[in-house]
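Worksheet: one structure, shown below.
The values are calculated or read from the model by the stated rules, or taken from the named source; none is laboratory data. Please read these numbers as outputs of a predicted model, since none were measured by experiment. In this analysis, Cβ positions are derived from the backbone assuming ideal geometry, glycine residues included, and neighbour counts consider all displayed protein chains.
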Amino acid sequence: MRFNIFMSPERQLLNFWWILIFFIVLASMLIPCIVLASANGGKLAIEFQALLIIITTVICQRLRRASFFEVWGHIDRQWFKQLLWGIVAGTLLMLLPAILLMFAGLLHFQLNTIDYPSILTSLSLFVAVAVSEELTFHGFMFQRLVNGVGVWIAQLGMSAYFLLNHSDALISAGSIGYLAGLNIFIAGLMFGMAYLYTKSLALPIGIHFAANLVQGGILGFGVSGSSNNGIFTPIFDQDLPWLTGGQFGLEASIPGLLAVTGLTLFLWTYHKKMKRTM
């Protein structure tokens with residue numbers, strides 16, 4: 001039987017080519033927009049990036065004669081329930097390490113004057129980050145990889161890509177860069193497991209959004225090395241960045257790493273139970 005490098009035995013385009021098509025479609029829109037924004041002395045807003053990734057996903061799904069909601073998850077009561085559980089999990093993911101560090105005497109918090117326009121800006125930013133990154137790393141490409149090469153190769157490959165996407169921030173992390181990198185890689189596995197558990201992006205988007213919002217927009221830590229004006233400002237009582245995450249954020253701390261690992265194992269356990277009952 002002759003091997004066809006383009007089509008499967010079922011006469012469907014191989015997943016590798018769909019991933020390449022996704023990159024080409026996204027690049028054809030994203031690169032000109034980045035060049036135009038740069039020529040005008042600015043940067044392409046993350047909200048606009050999220051919109052372009054949504055449009056790219058819609059186009060690729062239409063080419064496959066499939067619905068966007070096959071990637072996103074069908075919008076129903078269950079979708080919003082998963083989103084809510086994701087927000088709860090993402091909140092605890094950052095709140096528990098912060099409370100632990102506070103009771104250990106490693107930091108305390110200073111309440112800032114509440115700036116409502118800044119809060120709305122943070123909400124918009126972190127929604128856009130969660131949507132754009134989950135569609136990029138666990139949307140169309142991830143789902144085609146799972147279909148083509150299996151769960152774990154897809155998980156490891158996209159988590160490595162997720163880590164590579166944060167490489168500039170990791171360079172600025174200095175001596176705790178290894179902790180931040182490990183945390184980000186495991187977080188990639190965690191978001192992927194959240195999708196695999198539900199077959200919907202609602203849960204990973206909820207976790208991603210709430211973790212960033214609580215860490216940066218509320219507690220005032222850095223988010224992957226980016227500084228934030230939160231409702232609170234963390235004051236470090238001891239110079240132990242490997243425990244507190246320093247200016248990078250809780251993502252680069254031992255408590256943060258334990259929290260992310262714990263949630264990943266929790267999702268993996270429930271995913272295995274669900275597969276056994278199917």
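Given the options Thr121, Thr136, Thr91, name the one that is assigned to a helix (DSSP H, G or I), surrounded by 21 or more Cβ atoms within 10 Å (Cβ to Cβ) and among the hydroxyl-bearing types (Ser, Thr, Tyr).
Thr136 is the lone residue from the list that is assigned to a helix (DSSP H, G or I), surrounded by 21 or more Cβ atoms within 10 Å (Cβ to Cβ) and among the hydroxyl-bearing types (Ser, Thr, Tyr).
Can you tell which of Ile176, Ile171 is in contact (Cβ under 8 Å) with a residue 12 or more places away in the chain, of a type in the set (Val, Ile, Thr) and part of a helix (DSSP H, G or I)?
Step by step, each of Ile176, Ile171 is checked, and only Ile176 is in contact (Cβ under 8 Å) with a residue 12 or more places away in the chain, of a type in the set (Val, Ile, Thr) and part of a helix (DSSP H, G or I).
Here are the criteria: (1) at pLDDT 95 or above; (2) over 29 Å from Ser122 (Cα atoms). Tell me which single one Met29 does not satisfy.
Answer for Met29: the failing condition is (2).
If I filter region 44-60 for residues that are without any contact (Cβ under 8 Å) to a residue 12 or more places away in the chain, part of a helix (DSSP H, G or I), over 26 Å from Gly150 (Cβ atoms) and not charged (D, E, K, R), do I get at least one hit?
Taking every residue of region 44-60 in turn, at least one turns out to be without any contact (Cβ under 8 Å) to a residue 12 or more places away in the chain, part of a helix (DSSP H, G or I), over 26 Å from Gly150 (Cβ atoms) and not charged (D, E, K, R).
Only residues that are in a helix (DSSP H, G or I), at pLDDT below 95 and under 18 Å from Gly230 (Cβ atoms): list them for region 240-278, please.
If the condition is that a residue be in a helix (DSSP H, G or I), at pLDDT below 95 and under 18 Å from Gly230 (Cβ atoms), then Thr244, Leu250, Glu251, Ala252 are the ones that fit.
Just checking, which of Phe140, Phe109 is more than 14 Å from Met190 (Cα to Cα), at pLDDT 95 or above and in contact with a Pro (Cβ under 7 Å, 6 or more places away or on another chain)?
Checking each option against the conditions leaves just Phe109.
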